[in-house]
Amino acid sequence: MEYKKAHVVSVNEIAPSIYDMLLKAPTISAQAKPGQFICLYSNDSAHLLPRPISICEVFGEHVRLVFRIAGYGTRELSAKKTGDEVTVLGPIGNGYPEIPKDKTVTVVGGGIGIPPMLYLARKLYENGNELNIVLGYRDAGLFLKDAFAGYGKIFVATDDGSVGFHGNVVGLIEAEKLPVETVCACGPMPMLKGLSAYTEANGGTAFISLEERMACGIGACLGCITKTKETDGHSHVRNARICTEGPVFDSKVLDFTGGKR
Amino acid sequence: MNTSVNLAGVTLKNPVLTASGTFGSGMEFSRFVDLNKLGGVVTKGVSVVPWEGNATPRVAETASGMLNAIGLQNPGIDVFLSRDLPFLKPFNTAKIVNVCGHTEEEYLGAVERLNDSIADILEINISCPNVKAGGITFGTDPVMVEKITKAIKNISRKPVFMKLSPNVTDITEIARAAEAGGADGISLINTLMGMKIDIQRRKCLLANKTGGLSGPAIKPVAVRMVYQVSKCVSVPLIGMGGIASAEDAIEFMMAGATAVSVGTANFRNPRVTEEIVSGIETFMRENHIDDIREIIGCVE
Ligand SMILES: Cc1cc2nc3c(=O)[nH]c(=O)nc-3n(C[C@H](O)[C@H](O)[C@H](O)COP(=O)(O)OP(=O)(O)OC[C@H]3O[C@@H](n4cnc5c(N)ncnc54)[C@H](O)[C@@H]3O)c2cc1C
Ligand SMILES: Cc1cc2nc3c(=O)[nH]c(=O)nc-3n(C[C@H](O)[C@H](O)[C@H](O)COP(=O)(O)O)c2cc1C
Ligand code: FES
C-alpha cells in the first residue's frame with residue numbers, strides 16, 4: 001500500500017455519467033488483487049475525506065477505474081485531463097479469495113458494482129476456472145459488458161427489460177439455473193443480500209464486496225465497519241472493518257440484520 | 001534548537017501528538033509514519049469492557065471537516081493491555097492512553113488497570129454519555145467534572161489530563177473544575193456536536209443522527225478555547241481541533257498549548273504528523289526561535 005501522486009493517462013465517458021479513468025500507478029498495479037480498491041483525494045482541501053473506488057483492471061503500470069458521478073469528488077475526477085495528478089492510496093483491502101481452478105464460478109456485478117468484476121473475471125479465466133458472468137444494469141447502457149467477452153458465458157439482466165432478462169440478477173440466476181457453488185459479487189446491498197440468501201439456501205458460498213463511508217481507509221478510524229455474526233479477531237466485538245478485513249466477505253460471516261437480532 | 005516540551009513531568013521530544021480515535025494505537029499508521037519521530041501517540045479511547053459502537057454510516061464529510069459517530073467502539077482494556085501497548089512499547093515516543101466510560105466506576109476500572117502499564121499519561125475523555133445521569137455527558141457539568149477528576153486522581157499513579165468537550169456555554173468554568181479536581185493537565189477540544197441531512201432521502205446522514213464535527217472547520221473555535229483556558233488555569237494544555245499543518249500547530253501553542261494533537265488531518269494525508277514535526281523545525285529556524293517553549297502562550 002502506498003500514498004502517492006499518480007498521473008492521469010486518460011478519462012472517457014463510457015455511458016451517461018459513467019467514466020473510465022486510466023492512472024499511471026506502478027506500485028499499485030504491481031500489487032493489486034481483484035476486489036481491492038484505492039482511495040482518491042480531492043485537490044480541494046475542503047473535501048477532506050478519501051473517495052474509495054474499486055480497481056477495475058490493471059495493465060502493466062496502469063490502473064483502470066470506472067466510476068459513476070455521485071457528488072463533488074467523482075465530478076472532480078471526471079473532469080481530469082491527461083497528465084493531471086491525483087493523490088491516491090492503495091491498493092486497499094483483502095480482495096477476492098483464490099479459488100481452485102476446477103471450480104465453476106458465477107461472477108455477478110450489479111450497476112456500478114460491475115467494474116471490479118472485470119479484473120476478477122480475467123484472473124479467474126487465466127487461472128482456468130469456468131465462468132458464468134452475470135451483469136445487472138438499469139437500462140440498455142451496457143457499460144463494460146464487451147470487456148468481459150472471452151472470459152466466460154455472459155448473461156445480462158436489466159431493470160427496465162430493454163436488454164436480456166427483465167428483472168434482477170438473482171431472478172436471472174434462478175431462471176437460467178446457474179450454479180451457485182461459488183459466487184463472487186459486487187453491487188447494491190439489496191442485490192447482495194438477495195444473492196447471498198439464494199446462494200446459501202442452495203448450499204453455495206457467496207463472496208460479496210461491501211461499501212461503506214470511509215475516513216482513514218487503512219483500518220484506524222473504525223468508520224467503515226459491517227456487523228458480523230461472531231466476534232471479529234481485530235475489533236473483539238461483532239464488527240469487521242470493510243477497508244481492512246473486507247471489502248470482500250463470505251456472506252455467511254455477516255449479520256445482515258445490522259446487529260439488531 | 002530545542003523542540004522538547006514538558007507535560008506534567010513527562011518530557012516529549014517535540015509537541016506533536018496524535019488525536020485520540022484518529023490514529024488507532026499507531027499500528028496502521030506506522031507504515032506511513034516513523035512513530036519514533038512523534039512527541040507521542042494518543043491512543044483510541046479504551047473502556048473497561050469492549051464497546052460495539054454505533055450503527056453505520058458512522059462518518060460524513062462536511063465543508064472543511066467531517067462528522068463522526070463511531071460510538072467509542074473499542075476492544076476493551078484487556079486486549080488493549082495485551083496487544084496495543086506492547087505494540088507501542090519499542091517506540092521512542094510518549095504513550096498517552098485515552099480512557100472512556102459510561103459511569104464513574106467504569107472510568108475508575110480502566111484507570112486502575114493502567115496503573116502498572118507503560119502508559120506515560122492518561123487522557124480522560126469526559127465527552128461520554130453518563131448512563132446514570134440519564135445520558136448527559138460528564139463533561140458538561142462542572143460539579144461532575146470536579147468529582148470525577150478527584151476520583152480518578154485518587155487512584156491513578158499516572159499523570160491525568162482531562163479532555164474537555166466544547167459543547168458547553170463556558171469552557172473556562174469546566175477547565176477550572178478539572179484543575180480544582182487535581183488534573184495534571186487539560187486536553188481540548190473534543191468534537192463539536194453537529195448534524196447533516198441527506199435532502200434527497202429526507203434523513204440524517206449518520207445512523208446516530210448527530211455526530212462530532214472535527215477538522216479545519218473547528219480550528220478557530222478550538223484556538224479560542226485553548227486561549228481562554230490557558231489564561232485561567234496553570235496546568236499544561238494539549239490543544240487540538242483542525243490542525244493540519246505546522247502553522248496550525250504553532251497557532252495553538254501561541255494560544256497557550258504546550259503540546260498539540262493532530263486528528264482528522266491524518267485521514268487526508270497519513271504522513272501529516274511527521275510533516276508537522278519537520279515543519280515546526282523549519283518555522284523555528286526561519287524565525288530564529290531557539291527553544292519552542294518560548295512561544296507557548298506568547299499571545300497576550
Ligand atoms: C470499497 C468501495 C469501492 C467502490 N468502488 C466504486 C467504483 O468502482 N465505482 C464507483 O463509481 N463507485 C465506487 N464506490 C462508491 C464511491 O466511493 C462513491 O460513489 C464516492 O465516494 C462518492 O464521492 P463523491 O464525492 O462523488 O460524492 P459525495 O456524496 O459528495 O461524497 C461525500 C462523502 O461521502 C462518501 N460517499 C458517498 N457515497 C459513498 C458510497 N457509495 N460509498 C462510500 N462512500 C461514499 C464520499 O467518499 C465522501 O467522503 C466504492 C465504494 C467503496 C466503499
Ligand atoms: C473518527 C474520530 C474518532 C474519535 N475518537 C475519539 C476518542 O475515542 N476519544 C476522544 O477523546 N476523542 C476522539 N475523537 C476526537 C479527537 O481526538 C479530537 O479531539 C477532535 O477530532 C478534534 O481534532 P481534529 O479536528 O484534529 O480531528 C475522535 C475524532 C474522530 C474524527
Ligand atoms: S475507513 Fe477507517 S477503519 Fe476503515
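Kindly rank A:238-248, B:3-13 from highest to lowest mean number of other beta carbons found within 10 Å of each residue. Don't skip to the end; give the middle numbers.
Details: A:238-248: 24.0, B:3-13: 17.3.
Packing order, densest peptide first, comes out as A:238-248, B:3-13.
Of all DSSP beta bridges in chain A, what percent run antiparallel (nearest 5)? Each step should come with its number before you reach the end.
Working: 37 of 61 bridges.
Around 60 percent of the beta bridges assigned by DSSP in chain A are antiparallel ones.
Give me the percent of DSSP beta bridges within the protein assembly as shown that run antiparallel, rounded to the nearest 5.
On the way: 55 of 105 bridges.
So the antiparallel bridges in the protein assembly as shown amount to around 50 percent.
List the relative contact order of chain B as a percent without decimals, with contacts defined as Cα pairs under 8 Å and 6+ residues apart.
About 20 percent, as a whole number.
Among B:VAL277, B:VAL79, B:VAL41, which one shows the biggest mean-square fluctuation in a GNM of chain B, springs joining Cα atoms closer than 10 Å?
Ranking B:VAL277, B:VAL79, B:VAL41 by mean-square fluctuation puts B:VAL79 first.
What do you get for Rg/Rh of chain A when both radii come from the Cα atoms and Rh is the Kirkwood radius?
Values: Rg = 17.7 Å, Rh = 18.7 Å.
Rounded to two decimals, Rg/Rh equals 0.95.
Given +1 on the Cβ of Lys and Arg, -1 on the Cβ of Asp and Glu, and no further charges, what dipole in debye does chain B carry about its Cα centre, rounded to the nearest 20? Walk me through the numbers on the way to the answer.
On the way: 29 positive and 31 negative charges, 156 e Å.
Result for chain B is approximately 760 debye, rounded to the nearest 20.
Gap in Å between the Cα centre of the stretch B:3-56 and the Cα centre of the stretch A:107-150?
Here the answer is 43 Å between Cα centres.
Nearest 5 is fine: what % of DSSP beta bridges in chain B come out antiparallel, could you say? Can you show the working numbers first?
Details: 18 of 44 bridges.
In chain B, DSSP labels about 40 percent of beta bridges as antiparallel.
Magnitude of the Cβ-charge dipole of the stretch A:1-129, K/R +1 and D/E -1, about the Cα centre, nearest 20 debye?
Details: 14 positive and 12 negative charges, 19 e Å.
With only Lys, Arg, Asp and Glu charged at Cβ, the dipole is about 100 debye.
Per residue of B:50-60, how many C-beta atoms from partner chains lie within 10 Å of its own C-beta, taken as a mean?
Details: counts 6, 3, 8, 6, 2, 5, 10, 4, 9, 10, 4.
Partner-chain Cβ atoms within 10 Å, mean over residues of B:50-60: 6.
Give the cysteines in chain A for which no other Cys Cβ lies under 4.7 Å away, or write none if there are none.
Cysteines lacking a close Cβ partner in chain A: A:CYS39, A:CYS56, A:CYS184, A:CYS186, A:CYS224, A:CYS243.
Shielding of B:210-220 by partners, i.e. mean partner chain Cβ atoms within 10 Å per residue? Intermediate values should be presented prior to the final figure.
On the way: counts 0, 0, 0, 0, 2, 4, 3, 2, 0, 0, 0.
Across B:210-220, the average partner-chain Cβ count within 10 Å equals 1.
How big is the dipole moment of the protein assembly as shown about its Cα centre under a simple scheme where the beta carbon of each Lys and Arg is +1, that of each Asp and Glu is -1, and everything else is neutral? Debye, nearest 20, please. Walk me through the numbers on the way to the answer.
Details: 56 positive and 59 negative charges, 124 e Å.
Its charge dipole is roughly 600 debye.
Could you work out how far the C-alpha centroid of the stretch B:59-107 sits from that of the stretch B:220-285, in angstrom?
That distance is 20 Å.
With each run of n ≥ 4 DSSP H residues scored as -39500 (n - 2.57), what mean residue ellipticity at 222 nm is computed for chain B after dividing by its residue count and rounding to the nearest 500 deg cm²/dmol? Write out the running numbers ahead of the final one.
Numbers: 8 runs with 80 residues, N = 300.
Value at 222 nm, helices only, nearest 500: -8000 deg cm²/dmol.
By average Cβ neighbour count within 10 Å, what is the ranking of B:279-285, B:262-268 from highest down?
Numbers: B:279-285: 16.6, B:262-268: 26.0.
Descending mean neighbour count gives B:262-268, B:279-285.
Can you give me the C-alpha center-to-center distance between the stretch A:165-241 and the stretch A:1-30, rounded to a whole angstrom?
26
What residue among A:PRO16, A:PRO179, A:PRO50 has the largest mean-square fluctuation in a Gaussian network model of chain A, using Cα springs under 10 Å?
Result: A:PRO16 has the largest fluctuation of those listed.
Mind checking A:200-213 for the average number of partner chain beta-carbons within 10 Å of each residue's beta-carbon? Before the final figure, lay out the partial values.
Details: counts 0, 0, 0, 0, 0, 0, 0, 0, 0, 0, 0, 0, 4, 9.
Taking all residues of A:200-213 together, the mean is 1.
Share of Cα-Cα pairs in the stretch A:3-92 beyond 24 Å, in percent? Don't jump to the answer; show the numbers that get you there.
Working: 370 of 4005 pairs.
It works out to 9 percent of all Cα pairs.
At 222 nm, what value in deg cm²/dmol follows for chain A if DSSP H runs of at least 4 each add -39500 (n - 2.57) and the sum is divided by all its residues, to the nearest 500?
Values: 5 runs with 47 residues, N = 261.
Helix-only estimate at 222 nm: -5000 deg cm²/dmol.
Kindly give Rg over Rh for the stretch A:138-208, based on alpha-carbon atoms, with the Kirkwood expression for the hydrodynamic radius.
Values: Rg = 12.3 Å, Rh = 12.9 Å.
For the stretch A:138-208, the value is 0.95.
By Kyte-Doolittle mean hydropathy of at least 0.5 and Cα axial length of at least 20 Å, which whole DSSP H helices of chain A are selected?
On the way: long enough: none.
Both cut-offs are met by no helix.
Quick check on the exposure proxy: order B:ARG31, B:ARG224 from fewest to most C-beta atoms within 10 angstrom. Write out the running numbers ahead of the final one.
On the way: B:ARG31 11, B:ARG224 15.
With the sparsest Cβ surroundings first, the list reads B:ARG31, B:ARG224.
Under 29 Å from the Cα of A:LYS229, which lysines turn up, not counting those fewer than eight places away in the same chain?
Straight-distance partners of A:LYS229: A:LYS33, A:LYS103, A:LYS193, A:LYS252, A:LYS260, B:LYS44, B:LYS203, B:LYS209.
How would chain B be classified by its alpha-carbon gyration tensor: rounded, prolate or oblate, with rounded meaning a/c under 1.5 and the a/b versus b/c comparison settling the rest? Don't skip to the answer; put the middle values down first.
Working: a/c = 1.29, a/b = 1.16, b/c = 1.11.
Because its axes are fairly even, with a/c under 1.5, chain B counts as rounded.
Please pull out the direction-averaged projected area of the stretch A:104-253, using the convex hull of its alpha-carbon atoms, in nm² to one decimal place.
Details: hull surface 36.5 nm².
Value for the stretch A:104-253: 9.1 nm².
Using r as the Cβ-Cβ distance of B:LYS209 and B:CYS232, and R0 as 35 Å, what FRET efficiency do you calculate, to the nearest 0.05?
Numbers: r = 34 Å, r/R0 = 0.97.
Between B:LYS209 and B:CYS232 the formula returns 0.55.
Given a 10 angstrom Cα cut-off, can you work out which residue in B:ASN14, B:ASN125, B:ASN167 is the most mobile in a GNM of chain B?
Checking each option, the largest mean-square fluctuation is seen for B:ASN167.
Which Cα, out of B:VAL10, B:GLY242, B:GLY297, lies furthest along the positive dipole direction of chain B (beta carbon charges, K/R +1, D/E -1)?
Of B:VAL10, B:GLY242, B:GLY297, it is B:GLY242.
Of the peptides B:55-61, B:207-213, how do they stack up when ordered by the mean number of other Cβ atoms within 10 Å, highest first? Each step should come with its number before you reach the end.
Numbers: B:55-61: 22.1, B:207-213: 19.3.
The most tightly packed comes first, giving B:55-61, B:207-213.
Every number in this text was worked out from the coordinates using simple rules, so none of it is lab data. Predicted, not measured: the structure shown is a model, and the values here were computed from it. Note that we place each Cβ from the backbone using ideal geometry, even for glycine, and neighbour counts take in every protein chain shown.
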